[in-house]
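The values are calculated or read from the model by the stated rules, or taken from the named source; none is laboratory data. Here the structure is a predicted model, which is why all the values come from computation and not from measurement. Here the Cβ positions follow ideal geometry from the backbone for every residue, glycine too, while neighbour counts run over all protein chains shown. The protein model used for the area step is the full one, side chains on, heavy atoms only, and it has no ligands, DNA or RNA in it. Shrake-Rupley method; radii C 1.70, N 1.55, O 1.52, S 1.80 Å.
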Amino acid sequence: MFKKVLVPTDFSSYAHKMQECLADIPGIEEVVLLNVVDGGNPMNLERKGWSYDSLIDEAETRLAEQADHLAHLGEKGPSVRPLLKVIVEPMSGADGVDMKRLQPRSGLGLVEGGSVGEAIVKAAMEENASLICMGAQGKGLVEGMLLGSVSTEVLRQGQTDLLIIRHMILDGGKDAGLEKFCRDIFSKVMLTSDFSEAATETVSKAKDLMGVREILLVHVIARELDFDEAAKRLNLLREELTGPGRKITVHILEGHPAEEILALAKKQDVSLIMMGSQGKSWSRQIRVGSTTFDVARQAKSPVMVIRPKKN
């Protein structure tokens, strides 16, 4: 289902381990390995003694090395294609700094202004990627900060399905079971639903995931009076998701949605939390709802956010 995956990299060790994970995730056929060079402020480059050419040369070399490494991780791994984007925003300072505008060339895409997160979102749409897969943190990993600024921006602004993998898992390496985790990332899925139109797309995607052995269907109610109706609708979804060798359980929780979802995910040690980007009150101006955002920001498990189907 997620055949073409866009994978942003900042060349950190965290990103490197996340890429190794991709070779073991079932169903991926093509990986577009993306690096974004932020050259949006030429004066900053000048102060540090850098130039567009030096930044691009370094990025191209490291991107090619990572792409080659990823392509040779397994005999039947996905094909890998490196992609380099450069944010350009020419400006002249009072001190006379006036760098020449970078010219397009083969294998190099220019992005007119904006942030790294915005460039990732745009690249995913241009590539028609079915999934963006990224770590929760990059070079600026801060202890206690569970979702970095770039990941947050992609979560908030993206229109492509998104898989966020936590740094606690990646930091462990293969000795801590990373290889098995990656292979089994879809094995025990918590699927949340508020019975909205957006949640319907999540159920549809869950049916087609490869390697699913168990699904926890979860709905959070605001009051006990809603229990019977929730049970009825979850049981209908259970019938829809039933398949050979697949265990499905129904869980009706009461309380604050994000808190209840996170608590159950931890208790059940799920391999993945899967949820729609918006709930019942969603609008096209708001790309991610508060419950999804809170879960993605705080979860210790990987989180897959499914976007509404495009009309």
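One table, with the values for the structure above:
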quantity	calculated
Scope region 80-104; condition at pLDDT 70 or above and open to solvent by 40 Å² or more (accessible area, probe 1.4 Å); matching residues	Arg81, Pro82, Glu89
Filter result for the condition that a residue is touching a helix residue (DSSP H, G or I) at 6+ places or on another chain (Cβ under 7 Å) and surrounded by 13 or more Cβ atoms within 10 Å (Cβ to Cβ), over Leu234, Leu241	Leu241
Residue, most open to solvent (accessible area, probe 1.4 Å), within region 244-283, restricted to residues that are part of a helix (DSSP H, G or I) and either in contact (Cβ under 8 Å) with a residue 40 or more places away in the chain or farther than 18 Å from Lys188 by Cα (or both)	Glu259
Counted residues, region 189-211 - those being aliphatic (A, V, I, L, M) and free of Cβ contacts under 8 Å to residues at least 60 places away in the same chain	1
Residues of region 122-137 that turn out to be buried (at least 24 other Cβ atoms within 10 Å of the Cβ) and assigned to a helix (DSSP H, G or I), as a count	1
